Amino acid sequence: MFLLLATFAFVFLPLVGVWLFVYGVWQSSLPFEFAVTLGLAVSSVYAFFDAFFPPVYRSESWGELLRQGYFSTKEKLATEYLHYLETHGREGRLPGAARWAFAYWGVFYGLMVMGIAFANVAIPLLGWLTPALFLAVDAPVVYSCRLIYRRRMPILYGRPDPDGFQLSEPLVPGWLVVP
């Protein structure tokens, strides 16, 4: 299911964005501010990828990728994570990962709906300021979701989980350090 959702995010959403820009903006049937506001909402999907992909991998699929040599440069880390999934996972998955992914898909689609509604209401009142005001709402929501996920899934980011298990290095590297 998560692979279908990811395909939707990588294929359908960019095509909708291109269509909105080419058809709507160039033919003046959509205001440019509307396209930018919706583009901001749609582009927030990339901030949620850390949450969308862990539920895709079960211990069986992770082990198979490890056996096929997909982690040749990080084999030790991949083996540690496989051991974690086998010993601490729920049905071979990262505990809580599916709940977070579904919640964040809801947040993402909520931001898209909010972007459309906000743009329709605000463009007549605010004009060119509409995308900036939407960004003032969108950015804190997305950033807060990233912080919360990094705190709730510490094993991915090189910190010990509630049981004290810790990988030798972060599985998901990043610039955002959360204690």
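Within the stretch 144-166, the set of residues being free of Cβ contacts under 8 Å to residues at least 24 places away in the same chain, out of contact with any Asp or Glu (no Cβ under 7 Å at 6 or more places or on another chain) and surrounded by 13 or more Cβ atoms within 10 Å (Cβ to Cβ) comprises ILE148, TYR157, ARG159, GLN166. Looking at ARG159, ARG150, just one residue is of a type in the set (Lys, Arg) and either in contact with a strand residue (DSSP E or B) (Cβ under 7 Å, 6 or more places away or on another chain) or under 16 Å from PRO54 (Cα atoms) (or both), and that residue is ARG150. If I filter the stretch 49-66 for residues that are under 28 Å from CYS145 (Cα atoms), among the polar types (S, T, N, Q) and at pLDDT 85 or above, do I get at least one hit? Yes - at least one qualifying residue is present in the stretch 49-66.
Selection of the stretch 119-136 for residues being exposed (fewer than 11 other Cβ atoms within 10 Å of the Cβ) and under 23 Å from the mean Cα position of the chain (by Cα) yields only ALA136.
If we scan the stretch 142-154, do we find a residue that is among the aliphatic types (A, V, I, L, M), under 24 Å from GLY110 (Cα atoms), assigned to a loop (DSSP other than H, G, I, E, B) and at pLDDT 85 or above? Yes, the conditions are met somewhere in the stretch 142-154. Within the stretch 80-96, one or more residues are without any contact (Cβ under 8 Å) to a residue 40 or more places away in the chain, of a type in the set (A, V, I, L, M, F, W, C) and crowded, with 17+ Cβ neighbours inside 10 Å.
Of all the criteria given as (1) closer than 19 Å to VAL42 by Cα; (2) not small (Gly, Ala, Ser); (3) not in a helix (DSSP H, G or I), the one not satisfied by ILE123 is (3).
Count of the stretch 142-158 residues, restricted to those that are touching a Leu at 6+ places or on another chain (Cβ under 9 Å) and of a type in the set (D, E, K, R), is 2.
The values are calculated or read from the model by the stated rules, or taken from the named source; none is laboratory data. Predicted model only: the values in this text are computed from it and were never measured. All Cβ positions, glycine included, derive from the backbone under ideal geometry; neighbour counts span all protein chains shown.
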